[in-house]
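The values are calculated or read from the model by the stated rules, or taken from the named source; none is laboratory data. Not measured: the values here are computed from a predicted model. Cβ sites come from the backbone with ideal geometry, for glycine too, and all protein chains shown count toward neighbours. Heads up: the accessible areas ignore ligands, DNA and RNA and are worked out on the full protein's heavy atoms, side chains in. Shrake-Rupley method; radii C 1.70, N 1.55, O 1.52, S 1.80 Å.
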Amino acid sequence: MLDRLEPQSPDALLALIKLHAADEREDKIDLGVGVYRTDDGATPVFKSIKAAEEALIGEQQSKSYLGPEGDLGFVHSLMPYIFGKDATMGGRIEGMQTPGGTGAVRLAAAVAKHAGATRIHMGTPSWPNHAQIFRDLDLEVAAFDHANADGTANLEAVLEAIRGAGENEAVLLHGCCHNPTGIDYTPAQWVEIAEALAESPALPILDVAYHGLGHGLEQDAYGVRRVLNAVDEALIAYSCDKNFGMYRDRVGALYVMAKNSSGLDPILSNLNALARASWSMPPDHGGAAVRLVLRDDTRRQQWLDELESMRNRLRWVRERLAAADNQVSGLDLAPLAEQNGMFAMLKLDKDQIARLREEHAVYMAGSGRINVAGLTKGNIDKFIAALADVAG
Ligand code: PMP
């Protein structure tokens, strides 16, 4: 039976990692993989997480099963940061732990499908796994353009998609720090999006994978909160893998906002059943460590400081690139300063991307996406010179 399977093309970014590893040039630059890096190019475990992990080893008395919803202390500790002071919207929001943001997106799409969804509208380009997950669940993907050529968000396209969306449809939006473009909706645009969603029968699915890496935890939650204030129901997929640096520990949560508090239980029972049939229960360690960060004043402050320094460094790189706009012809780097998070799309063609790799040892995705965090005080001048060379 298994020899009927067609070979699948390998993940392009994983292939890039291999190429980068095999390159012996000492000044090589990796802008491919989507992990945060310090100015030394490292991706260290957060100090706040290390401290929480030490506490966890001492405190944990059992590794017995928890259940499909995972560590609810972790799930609830995050809620005020995402949803604000009234973190449950009057008892209408509850969540469960998932294996990373990927598990949360998967579970969101699966429960939407279970409830009758047949189609998901989403802006493109997007995180490539969005379309893969939806198609794997036999959900039709209806794409609209996320960005304008000038580096701003295409508001008309998203409004048209929402207004055209029917009853058995969902609309996926990135909460902040859009991957791969870095282009977020402005607060004024979120107001219009929220109003359109309030009029629409479609189910909003909000994906929040980079909370706190844009302008701050409060500012980055503006769009999510605005939408939740306007609509009857929504799903919110959340990842702690970037903002707590937990990547391989797979830390995420899926939240649901129901029409009213009595509507939550049936939805949660479906989420539980779907989780049970997929991964049964989420891995515990990372969620428990995040809970121990958020529930201890010292560790929480340390995390907030660490997050702020990441955010400041991303801003610094963005501003340096934007300031180099006049050194590099035709790439339009200026809007990068207004964009957010770890990623940006550079207007490079395939040949230019290949030349950057071959002649300058600069590695980036074939789409032109760069991981802004791969640039440091030590390599940014070389990168700008390489861009000027291939673009000029
Ligand atoms: N959503 C988006 C937009 C992402 O970019 C990512 C990961 N890079 C995820 C979800 C999933 O994150 P995780 O690693 O927690 O599965």
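Odds and ends about this structure:
- For the range 103-138, residues that are out of contact with any strand residue (DSSP E or B) (no Cβ under 7 Å at 6 or more places or on another chain), of a type outside the set (A, V, I, L, M, F, W, C) and either away from the ligand (no atom under 12 Å from the Cβ) or within 18 Å of Ala277 (Cβ to Cβ) (or both) total 6.
- Condition check for Pro99 on (1) within 19 Å of Gly263 (Cα to Cα); (2) surrounded by fewer than 24 Cβ atoms within 10 Å (Cβ to Cβ): one failure, at (1).
- Candidates Ala221, Ala198 - the one that is assigned by TED's automatic domain parsing to the domain that holds Met79, more than 10 Å from the ligand (Cβ to nearest atom) and either crowded, with 24+ Cβ neighbours inside 10 Å or within 26 Å of Gly116 (Cβ to Cβ) (or both): Ala198
- Any hit, the range 275-290, residues being away from the ligand (no atom under 16 Å from the Cβ) and not hydrophobic (A, V, I, L, M, F, W, C): yes
- Selection of the range 226-240 for residues being surrounded by 22 or more Cβ atoms within 10 Å (Cβ to Cβ) and more than 10 Å from Pro204 (Cα to Cα) yields Ala237, Tyr238, Ser239, Cys240.
- Selection of the range 164-183 for residues being in contact with a helix residue (DSSP H, G or I) (Cβ under 6 Å, 6 or more places away or on another chain) and under 16 Å from Pro201 (Cβ atoms) yields Ala170, Val171.
- Matching option when the condition is free of Cβ contacts under 8 Å to residues at least 24 places away in the same chain and assigned to a loop (DSSP other than H, G, I, E, B), among Pro10, Pro44: Pro10
- Single residue of the range 247-276 satisfying the filter (closer than 18 Å to Pro44 by Cβ and under 13 Å from the mean Cα position of the chain (by Cα)) that is surrounded by the most Cβ atoms within 10 Å (Cβ to Cβ): Val251
- Test: residue in the range 53-65 that is touching a helix residue (DSSP H, G or I) at 6+ places or on another chain (Cβ under 9 Å), assigned by TED's automatic domain parsing to the domain that holds Asp265 and either open to solvent by 20 Å² or more (accessible area, probe 1.4 Å) or not in a helix (DSSP H, G or I) (or both): no
So that you can scan it fast, the table gives a plain yes or no per residue for (1) touching a strand residue (DSSP E or B) at 6+ places or on another chain (Cβ under 9 Å); (2) open to solvent by 40 Å² or more (accessible area, probe 1.4 Å); (3) within 16 Å of the ligand (Cβ to nearest atom):
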residue: Glu6; (1), (2), (3): no, yes, no
residue: Ser9; (1), (2), (3): no, yes, no
residue: Leu14; (1), (2), (3): no, yes, yes
residue: Leu19; (1), (2), (3): yes, yes, no
residue: Ala22; (1), (2), (3): no, yes, no
residue: Lys28; (1), (2), (3): yes, yes, no
residue: Thr38; (1), (2), (3): no, no, no
residue: Lys50; (1), (2), (3): no, yes, no
